[in-house]
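Please read the structure below before turning to the comments.
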Amino acid sequence: MYPFKKIEEKWQRYWEKKGTFVARCDPKRKKYYLLEMFPYPSGKIHMGHVRNYTIGDVASRYRRTKGFNVLHPMGFDAFGQPAENAAIKNKTKPDAWTHKCIDWMRLELKKMGFSYDWKREVSTCDSIYYKWNQWIFLKMFEQGLAYKKASSVNWCPACETTLANEEVIDGGCWRCHTKTEEKQLEQWYLKISEYKERLLADLATLKEWPERVLAMQANWIGRSEGVRVYFRFKENNKIIPVFTTRADTIFGATYIVLAPEHPLVREMIRGKPEETEALKFIDKVTRESKNVRCASEVKKEGVFTGCYAINPVNNAEVPVWIADYVLMEYGTGAIMAVPTHDQRDFLFAREHNLPMRVVIQSTVSSSPQSTEKITEAYEGDGIQVNSGQFNGLPNQEAKIKIAEWMQKQGIGKIETQWRLRDWLISRQRYWGTPIPIIYCAKCGVVPVPYDDLPVELPKDAPFTGEGGSPLAKVKKFVEVKCPKCHFPARRETDTMATFFDSSWYFLRFCSPGFNQGPFNKEEAAYWMPVDQYIGGIEHAILHLLYSRFFTKFFKDIGMIEFNEPFSRLLTQGMVLKDGQVMSKSVGNIVDPDSIIKKYGADTLRLFILFAAPPETELEWDERGIEGSFKFLNRVWRIQEDLKRQAAPDLIRTMHRTIKKVTEDIENFKFNTAIAALMEFVNAIYKWGADKEIFSKLVVMLSPIAPHFAEELWGRLGNKEGIFETEWPQYDPAMLIEDAITVVVQVNGKLRSRITVPVDISEEKLRELVLADQKLNSWLEGKPVRKFIYVPQRLINLVV
RNA sequence: GGGCAAGUGGUGGAAUGGCUUACACGAUGGAUUUAAAAUCCAUUGGCCGCAAGGCCAUGAGGGUUCGACUCCCUCCUUGCCCACCA
């Protein structure tokens, strides 16, 4: 058993002392910026962190031996609610609690031997960092991108805070799962919607991002093209616009539906016999929070308003309804309903006995023309019917023609709708960046002058866990003089959502001590964009979208020259145990520290890379860990018996292994790279290695098991550290074999193999194959119709 | 409801148009040992067969191809993400 504990401590000290991983901006050298998503400092690292950071560390150490100037930083996403909760529970301060957690986590990360440049460490909760959050906010405020709006927000009664739409999951708080409510508040927003076109279009430039993430982002931005159609109320000719993406179905629009909150509703129903019932319904729906209302599988409910509207394409009189399934926030808050070609409308129409009209006829099956026989909406393509001058056209063609025609007639307007909403960043919380705004009775909303930044968090806020933000209770903080008129004024007590902090930290790492701005332009120009970003799929939408938004903003104000922050993205899979995600609530957590104690960090690193490809889920297996440990010991023992000269076959194997391992590491296929190294070790056991071969093996292992490799490297008599040396090269000439085995198939089935010289001609090979005794029974009396030869590989005889 | 993955031995996985099951775990046998651990060596998809050998097998069914785990179509299952989005 090799002395992993001693070795790991020794080399960790050596790297730190020598500054092996300290990065320096050097425009003469080729850079490589490798970044893993920084952690929230909860106190302990878990297997997910270990996996994420091991993948990154291998890539980073590998690039270093390939001669790149590597930037590989680490920091802490240190603001957020858990610190406040801990403060309430344990009677500590969020500040003290967070710093204790950071210290502990840093120690654990160091024990894993990750090659970070610790000189660049940042914590978002330090005022030298969040000062620049405030600076960025003020820049956005100047550009009109940060604005205040009274609006109904998602409110979590347990956390006593507002939540972004993105933070409401299945109708509950993303953190504590409590059902959210709606509440009216004045909130700060960032106008991310102004960047929607660019955020969508530039996805096409992210060639090295996973398809899945690109699809999720595109979905989230949610561009849809359609027509705003102007229906009119029959009684007063007032316009009621609806949005549709299916202009081809408009002749089948037999009723329209308004959201209960629609501003025209109350006025419409006034004095109608239906008024009482409609008001009751509106009241019921608006009292329900959005989550309850949007829960799937709930039956669509609605009431008739007593009004009628005119469908502008055929002047048909259609009833106007109110229903809970129409949302005020999307489109115009009103829809046209086509029960024959939209399943949701169909169910609603059948329930309430509303009229239907078929306007698209399937060309494949004969879908019924008569509405009586319809059992479900036909949502596929077909030919227009009952659609005036558009009859007979394929519906996809009609969709465009009808839209254009409506626009020309002035009864509609071609329009694009987006799903992306502006980003709500206000939080009624203490442990976050104070929003640098002052409210003055005379001057109104006044930004804090740049010279007065940072607006520091007061250290002595009270933590009772009740009644909203602790910041609002700190007089010293709240009561200020207006920077303009110097009369008493009041400070904003909301803090920023923590996603703000993480939307630009990758830029801060380029020049973490810089005090003239959020980052040094020259250094950012050198290091950025991040060449490889690695993190969990859970950040596929929000964090990545916000970071892209910030990057585009920095470009617009002339601070950077590039459009996208992350050139290449890898989303690593989760770590499972017994088929379930490791989590406290399930109680199946394996503590990385216990594994380090038992087997060492190198074994843990090796196992986590070998057990599965980085993108897929990884099933934790204690026995697999032992296998990895055994492998390292097996390598360790090679040094005891080195030969003078290695066998030619082994030298050949070495060159093949170098090729395979190099290519696999480049492509993040660590599991097969390790498999190739294992095969190489098996070959060494068979043939016996010399010093040169063993040295190459050790270098190839160094990104994966760095302490282990450094130690063996030193024992081989090297004075420089292993990360000063170069990655081994293979000789292409050594990959060529003299003899190759060609597989012989008859009608696609394996029947024989023959070994022939590499440079054999096809004719010669054909002769040899036809003379092969083994094939006799398969070829007997049958003429060979075709002779397929895949050079160096296989022959297939078709008889 | 929509989108995206995935489905291969007892297990994790390998092969992305050309020898299915690399590598590892587990299991079995052997060597070493007073013994065990550790280590080293060998065997290990299923069925038939004394053997040589043959047949079958990559979720199911069909198709394209000389040849399909791989490409196409239909279906089933699982996972993830999104979702009354008009």
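The values are calculated or read from the model by the stated rules, or taken from the named source; none is laboratory data. Just so it is clear, the structure is predicted and the values come from calculations on it, not from any experiment. Virtual Cβ from ideal backbone geometry, glycine too; neighbours counted across all protein chains shown. With ligands, DNA and RNA removed, areas are computed over all heavy atoms of the protein, side chains included. Shrake-Rupley method; radii C 1.70, N 1.55, O 1.52, S 1.80 Å.
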Residue match in the stretch A:679-692 (condition: under 18 Å from A:PHE629 (Cα atoms), among the acidic types (Asp, Glu), within 16 Å of RNA strand B (Cβ to nearest atom) and open to solvent by 10 Å² or more (accessible area, probe 1.4 Å)): yes
Considering only residues that are under 41 Å from the mean Cα position of the chain (by Cα) and over 21 Å from A:LEU347 (Cβ atoms), which ones fall in the stretch A:249-279? A:GLU261, A:HIS262, A:PRO263, A:LEU264, A:VAL265
Would you be able to say whether some residue in the stretch A:350-363 is touching a residue at least 12 places away in the same chain (Cβ under 8 Å), within 42 Å of the chain's Cα centre (by Cα) and near RNA strand B (Cβ under 9 Å from one of its atoms)? no
Taking the stretch A:248-282 as the search range and keeping residues that are part of a helix (DSSP H, G or I), out of contact with any helix residue (DSSP H, G or I) (no Cβ under 9 Å at 6 or more places or on another chain) and within 16 Å of RNA strand B (Cβ to nearest atom), which one is farthest from A:GLY412 (Cα to Cα)? A:PHE281
Quick check on the stretch A:710-718. Is at least one of its residues free of Cβ contacts under 8 Å to residues at least 24 places away in the same chain, out of contact with any Leu (no Cβ under 9 Å at 6 or more places or on another chain) and more than 17 Å from A:LYS691 (Cα to Cα)? no
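Here's the yes/no breakdown for (1) open to solvent by 20 Å² or more (accessible area, probe 1.4 Å); (2) outside any loop (DSSP other than H, G, I, E, B):
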site	(1), (2)
A:VAL698	no, yes
A:GLU720	yes, no
A:GLN745	yes, yes
A:SER752	no, yes
A:TYR789	yes, yes
Determine, yes or no, whether A:VAL320 is among the hydrophobic types (A, V, I, L, M, F, W, C), buried (at least 23 other Cβ atoms within 10 Å of the Cβ), away from RNA strand B (no atom under 14 Å from the Cβ) and at pLDDT 90 or above. yes
Just to be sure I understand the filter: pairs with C-beta atoms under 8 Å, separated by 6 or more residues or on different chains, first member in the stretch A:612-632 and over 29 Å from A:GLU538 (Cβ atoms), second member within 6 Å of RNA strand B (Cβ to nearest atom) and open to solvent by 10 Å² or more (accessible area, probe 1.4 Å). Which pairs pass? A:PHE631/A:MET678
For the stretch A:74-114, which positions are of a type in the set (Gly, Ala, Ser) and crowded, with 19+ Cβ neighbours inside 10 Å? A:GLY75, A:ALA78, A:GLY80, A:ALA83, A:ALA86, A:ALA87, A:GLY113
Just one of the numbered conditions (1) within 30 Å of A:ASP738 (Cα to Cα); (2) surrounded by 15 or more Cβ atoms within 10 Å (Cβ to Cβ); (3) at pLDDT 90 or above is not true of A:GLU663; which one? (2)
Residue by residue through the stretch A:608-619, note down the ones that are farther than 18 Å from A:PHE708 by Cα and either more than 9 Å from RNA strand B (Cβ to nearest atom) or surrounded by fewer than 18 Cβ atoms within 10 Å (Cβ to Cβ) (or both). A:PRO613, A:PRO614, A:GLU615, A:THR616, A:GLU617, A:GLU619
Reported set for the stretch A:20-47 where residues are over 30 Å from A:SER503 (Cβ atoms) and open to solvent by less than 60 Å² (accessible area, probe 1.4 Å) is A:THR20
Could you check the stretch A:4-38 and list, in sequence order, the residues that are part of a loop (DSSP other than H, G, I, E, B) and touching a Gly at 6+ places or on another chain (Cβ under 9 Å)? A:THR20, A:ARG29, A:LYS30, A:MET37, A:PHE38
Test A:ASP460 against the criterion of being out of contact with any strand residue (DSSP E or B) (no Cβ under 9 Å at 6 or more places or on another chain), open to solvent by 20 Å² or more (accessible area, probe 1.4 Å), at negative phi and touching a residue at least 24 places away in the same chain (Cβ under 8 Å), and give yes or no. no
With the checklist (1) open to solvent by 40 Å² or more (accessible area, probe 1.4 Å); (2) in a strand (DSSP E or B) in hand, flag the one item A:ALA472 doesn't pass. (2)
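May I ask you to verify whether A:ILE684 is over 28 Å from the mean Cα position of the chain (by Cα) and in a helix (DSSP H, G or I)?
Values: over 28 Å from the mean Cα position of the chain (by Cα): yes; in a helix (DSSP H, G or I): yes.
Judged against the criteria, A:ILE684 is a match.
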What do you reckon, is A:LEU138 of a type in the set (A, V, I, L, M) and open to solvent by 10 Å² or more (accessible area, probe 1.4 Å)? no
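On the given criteria, is A:GLU726 within 16 Å of RNA strand B (Cβ to nearest atom) and not β-branched (Val, Ile, Thr)?
Details: within 16 Å of RNA strand B (Cβ to nearest atom): no; not β-branched (Val, Ile, Thr): yes.
Judged against the criteria, A:GLU726 is not a match.
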Restricting attention to the stretch A:393-426, which residues are farther than 30 Å from A:MET216 by Cβ and assigned to a helix (DSSP H, G or I)? A:GLU397, A:ALA398, A:LYS401, A:ILE402, A:GLU404, A:TRP405, A:MET406, A:GLN407, A:LYS408, A:GLN409
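Which members of the stretch A:768-782 meet the condition of being exposed (fewer than 11 other Cβ atoms within 10 Å of the Cβ) and of a type in the set (Asp, Glu)? I'd like the intermediate steps shown before the answer.
Step one: filter the stretch A:768-782 for residues exposed (fewer than 11 other Cβ atoms within 10 Å of the Cβ), giving A:771, A:773, A:776-777, A:780-781.
Of everything in the stretch A:768-782, just one residue is exposed (fewer than 11 other Cβ atoms within 10 Å of the Cβ) and of a type in the set (Asp, Glu), namely A:GLU780.
So which residues in the stretch A:515-551 are within 16 Å of RNA strand B (Cβ to nearest atom) and of a type in the set (Val, Ile, Thr)?
A:ILE537, A:ILE541
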Hey, which of the helices (runs of 4 or more DSSP H) in the stretch A:593-667, taking only ones fully inside, have at least 3 residues that are among the small types (Gly, Ala, Ser)? A:622-638
Quick one: in the stretch A:699-709, which of the residues that are aliphatic (A, V, I, L, M) and in contact (Cβ under 8 Å) with a residue 40 or more places away in the chain is farthest from RNA strand B (Cβ to nearest atom)? A:VAL699
Residues that are in contact with a Gly (Cβ under 8 Å, 6 or more places away or on another chain) and within 12 Å of RNA strand B (Cβ to nearest atom): does the stretch A:588-607 have at least one? yes
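Can you find, within the stretch A:633-659, the residue that is surrounded by the fewest Cβ atoms within 10 Å (Cβ to Cβ) among those that are among the charged types (D, E, K, R) and in contact (Cβ under 8 Å) with a residue 40 or more places away in the chain?
Taking the stretch A:633-659 and keeping what is among the charged types (D, E, K, R), we get A:634, A:637, A:640-641, A:643-644, A:649, A:652, A:656, A:659.
Checking which are in contact (Cβ under 8 Å) with a residue 40 or more places away in the chain leaves us with A:634, A:641, A:643-644, A:652, A:656, A:659.
Working: A:ARG634: 14, A:ASP641: 10, A:LYS643: 15, A:ARG644: 7, A:ARG652: 16, A:ARG656: 18, A:LYS659: 17.
Here the residue is A:ARG644.
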